[in-house]
Ligand code: MTE
Ligand code: HPA
Ligand code: MOS
């Protein structure tokens, strides 16, 4: 086997710059901010029904409770009671109707959170209940949609099905997923002079918060400052849904001229926030005798919840990734965003891509089972190749689908792994093993082209230290470390000379959220641009100082070199000279991703800067008496490009993988028919722990050229590896089949032990 280079390189690669304060418990989150004297605390009063007309609300007892300052409702909003980002369909506070269980109705502000919670119990509400919709099928029957359907088409599926030797149809379901960021949603708002407000919050989108606060309060954006130090995890759950809490706290600060804190406790957070979208989908797949997929059709029903939120963008990405790593000549895919009475579902790592990929992997598994081949045979002959066309018109280039697939098979000796599984299954009956391969292809860029921009503000201080502000939000993914690396590398100065500032809307404005795995690419390129401009300026100064041509000047390890020879001029001295010459030591750069475009009227274009590829091999053992399972090993060949931070990138692969496996196998969100969240605590919602993942995880980097649009050719890594987890579902299916030949493959995720047990003994 190829030597696992990662283990060696990690030791040499940079540590996450947050590691030190994290392990010492010194990292600052919203709830750790030192609050001003007189700060008030708040809790949200939310709907106890999923759908209905509000007949009356009695706040009188709550208002009279000692220590309650004031209760805010929609009536206190001077601007617009509207927080919808893509469509204006979501009020901050419900007015006359409620559309989901947990929908905010009022904010109770008191001297302490304890008092505010007590006051909440004293509020009575009368609701005339209306019919509750919780599934896509019901929504579709009632024509209840968020927006018009979207379709991506290539070739002619109808005609192609006529040429197929095999055609299979079926249904799939994938459930939602709770983000379970360790830091719950929250905000701390402070009044500044002249009615200005400062907001410290845990958001992936500081500008979205600023814009929405301004709109709801009826103020200009420049009166609102949003500051983010870091997030205790976001995972997409704070791209849009960090906004309402900041708006509520700001509304209270606006009226009371007092600092206000609003931190959701875990129960409130679980109940009030949206999650990954559940999907109910149907597919039709047609293959030739030699297993080529000639035609693929799918209809994706997305459970959007009660308001638009980011649903249309997520639906779009489902279509972009509907054929995963395969080239299919004839494709017809449609997505419908179904309006239901669940909390508005939202971004979650993968952003609709995983939901799309699960369906084609299900179709392939179904076909393989019916034809009597293994799924990997179908997967292999259909892998994407150079210059293949995606259904959305982009031509695939620098394709690593085959490379990662064959490299995984050979590096990890797939044939012998497969044989081991066979031998094991022949020799035992109480336990069965299953193995599955999972290739992934994920497009990098915001699918909404105008969002692909970022800025950086770089100061070199007169002592030679550097401060960097960008739009990047650190949420545990290590983006701050990557920004620091870019600056330190360009200037060739020690890491300790660079500080990454908080993400603040007064320093970097009009930003896109930190999302789409593109944060390091977009912001890193802006940092690169700003630092390069400063470096050129410094070289100018040095060349004049040393009476030479600028081309002869180099800065290396904080020393100025001339003609590759060390001079007496140091970095710090050069900065002092530049300062005395009254030359600017600050630079602001703006970066936009080149090339990308998309025409929604044709549903064709070139939306992605590049794609990330990889292949995972997952082996599981099922306990056929209990229905429980564990993963023996997970072996991955992953395309990092030229990874700039190997330890951080490996952490992203492992974390995403764990989240993917959790989504596919154990995390089961349950709502009652009445729209009440039943899995409303960690006792009923099981997330993967150390033992749920695998006894061994091997990640071998696929050494590729990288891409010029990736920061320092180090490819985006945040989301793609989540989809390796889909393989876990199919490994379990294969193990069940080995035990029970009558088993009819089912595509209804997550594959919980209960479902496994039923399947093992299905007749
Ligand atoms: N890793 C950690 N530790 N915490 C997070 O919240 N979010 C994920 C991923 N990795 C997340 C994470 C999601 S949803 C995205 S889009 C990317 O990180 C965002 O960061 P990036 O663009 O810098 O990759
Ligand atoms: N990914 C994540 N967030 C987004 C996207 C995307 O493609 N588009 C809009 N918001
Ligand atoms: Mo990630 S779902 O794009 O925040």
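Using C-alpha pairs under 8 Å with a sequence gap of at least 6, the mean separation divided by the residue count of segment 232-388 gives a relative contact order of 26 percent.
With the simple model of a label 7 Å out from the Cα in the direction of the Cβ, residue 370 to residue 461 spans 6.7 nm.
Seen from every direction in turn and averaged, the convex hull around the alpha carbons of segment 581-737 projects onto 17.1 nm². The largest-to-smallest principal axis extents of the Cα set in the chain are 81, 78, 49 Å. Here each label is just a point 7 Å from Cα along the line to Cβ, and for residue 495 and residue 193 those points are 4.1 nm apart. Scaling the Cα radius of gyration of segment 184-231 by the globular reference 2.2 N^0.38 Å produces a ratio of 1.07.
Per residue, the convex hull spanned by the Cα atoms of segment 93-215 measures out at 243 cubic angstrom. The Rg/Rh ratio for segment 453-592, using Cα coordinates for both the radius of gyration and the Kirkwood hydrodynamic radius, is 1.00. When shorter helices are ignored and each DSSP H run of at least 4 residues is given -39500 (n - 2.57), the per-residue value for the chain at 222 nm works out to -9000 deg cm²/dmol. Averaging the sequence gap over all C-alpha pairs within less than 8 Å and six or more residues apart, then dividing by the number of residues, gives the chain a relative contact order of 15 percent. Once the C-beta distance of residue 58 and residue 265 is scaled by a Förster radius of 30 Å, the resulting FRET efficiency is 0.80 to the nearest 0.05.
Is the shape of segment 1-137 best called rounded, prolate or oblate, per the rule: a/c under 1.5 gives rounded, else a/b larger than b/c gives prolate, else oblate, with a ≥ b ≥ c the square roots of the Cα gyration tensor eigenvalues? Oblate, since a/c reaches 1.5 and b/c is not below a/b.
Neighbour counts of other Cβ atoms within 10 Å put 348, 45, 598, 161 in the fewest-to-most order 161, 598, 45, 348.
Descending by average beta-carbon neighbour count within 10 Å, the peptides 692-703, 174-185 line up as 174-185, 692-703, the highest first.
Between residue 397 and residue 758, the contour length at 0.36 nm per residue exceeds the alpha carbon distance by 125.5 nm. The slack in the chain from residue 387 to residue 429, taken as 0.36 nm per residue of separation less the alpha-carbon distance, amounts to 10.4 nm. Projected label points at residue 564 and residue 744, each 7 Å from Cα along the beta carbon direction, are separated by 7.4 nanometres. Taking the average, over residues, of other Cβ atoms within 10 Å as the packing measure, peptides 563-573, 743-753 rank 743-753, 563-573 from highest down. By other beta-carbon atoms within 10 Å, ranking 325, 13 with the fewest at the front produces 13, 325. Take the Cβ atoms of residue 586 and residue 255, set R0 to 35 Å, and the FRET efficiency comes out at 0.40.
The numbers here are math on the coordinates, done by the rules we state, and not lab data. Worth saying up front: this structure is predicted, and the values here are computed from it rather than measured. Because the Cβ atoms are built from the backbone with ideal geometry, glycine has one as well, and the counts that use them run over all protein chains shown.
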